[in-house]
Amino acid sequence: MRKEERYKGVLGWFAENGAVAETELRYDDPFHLLVAVILSAQCTDKRVNMITPALFEAFPSAERLAAASPDEVYTYIRSISYPNSKAKHLVGMAQMLVGDFGGKVPADVDTLQKLPGVGRKTANVVVGVAFNIPSMPVDTHVFRVANRLGLTDNSKTPLETERELVKHIPSRLLTVAHHWFILHGRYVCLARKPKCEDCGLKEWCNYYAVVRVKPAERRASQ
Ligand code: SF4
């Protein structure tokens, strides 16, 4: 199947059947979204949502967080993964926001990546969700789903996957497609046992053709 055909089929299916795509993280402004996304590394959105109400109440602004100590922040986030390093990153991030950016979250991927605790994926999520700038943050779900579907040529790194997806998906659909892929990876195209029989994307999926259909055809012809 030609790649254009595959993209058309996959995006068309999601447009009709994909969930209304939004981040599952709760936040009330770009600063709190940035905090929540940093906290969500190696942790579920559900767990992050359990601790952020108290955290946001204690630190409603970059200025308040910048004035806190990592130990103080730790007490609010200790139930999530890597609380020590995340507490340090959050305070460092807030201090740089206040010192270099007037306390405002920059709406630019490259600038955001200068902040402690902010990698390319986090920066892409923030610009896409908070500022509605088309972006394709590639996390483990997006990476797996895109590769299995055959939307990339077996890319080896998240950056390669991001570049390939950005090249083929119209910019008006990028942010929404990112959420479609995440939800599909989280609930259908699972890492260990993808639920291919329940998946509406079989028709366009490279993994399904190569791993499920071809071996079955071979067995039938033996
Ligand atoms: S057919 Fe299977 S491998 Fe392909 S996207 Fe669906 S669940 Fe994932």
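The values are calculated or read from the model by the stated rules, or taken from the named source; none is laboratory data. The shown structure was predicted, so the numbers you read here are calculated from the model rather than taken from an experiment. Cβ atoms come from the backbone with ideal geometry, glycine included; neighbour counts cover every protein chain shown. What goes into the accessible areas is simple: the full protein's heavy atoms, side chains included, and nothing from ligands, DNA or RNA. Shrake-Rupley method; radii C 1.70, N 1.55, O 1.52, S 1.80 Å.
A few notes on this one:
- Checking each residue of region 146-159 against the condition of being at pLDDT 95 or above, part of a helix (DSSP H, G or I), under 16 Å from the mean Cα position of the chain (by Cα) and within 14 Å of the ligand (Cβ to nearest atom) gives at least one match.
- Matching residues, region 167-207, being in contact (Cβ under 8 Å) with a residue 12 or more places away in the chain, over 14 Å from Lys3 (Cα atoms) and more than 16 Å from the ligand (Cβ to nearest atom): Ser171, Arg172, Leu173, Leu174, Thr175, Val176
- Flag if Asn124 is in contact with a Ser or Thr (Cβ under 7 Å, 6 or more places away or on another chain) and either modelled with pLDDT of 90 or more or of a type outside the set (A, V, I, L, M) (or both): yes
- Residues of region 30-45 satisfying the condition of being touching a residue at least 40 places away in the same chain (Cβ under 8 Å) and of a type in the set (A, V, I, L, M): Leu33, Leu34, Val35, Val37, Ile38, Leu39, Ala41
- Filter result (surrounded by fewer than 21 Cβ atoms within 10 Å (Cβ to Cβ) and either part of a helix (DSSP H, G or I) or of a type outside the set (A, V, I, L, M, F, W, C) (or both)) within region 183-201: Leu183, Arg186, Tyr187, Arg192, Lys193, Lys195, Cys196, Glu197, Asp198, Gly200
- Among the residues of region 179-222, just one is modelled with pLDDT under 90 and under 25 Å from Glu22 (Cα atoms), namely His179.
- Being buried (at least 16 other Cβ atoms within 10 Å of the Cβ), without any contact (Cβ under 8 Å) to a residue 60 or more places away in the chain and out of contact with any Lys or Arg (no Cβ under 7 Å at 6 or more places or on another chain) is a property that does not hold for Thr157.
- Conditions (1) of a type outside the set (Lys, Arg); (2) open to solvent by less than 60 Å² (accessible area, probe 1.4 Å); (3) at pLDDT below 90; number of the one not met by Ile133: (2)
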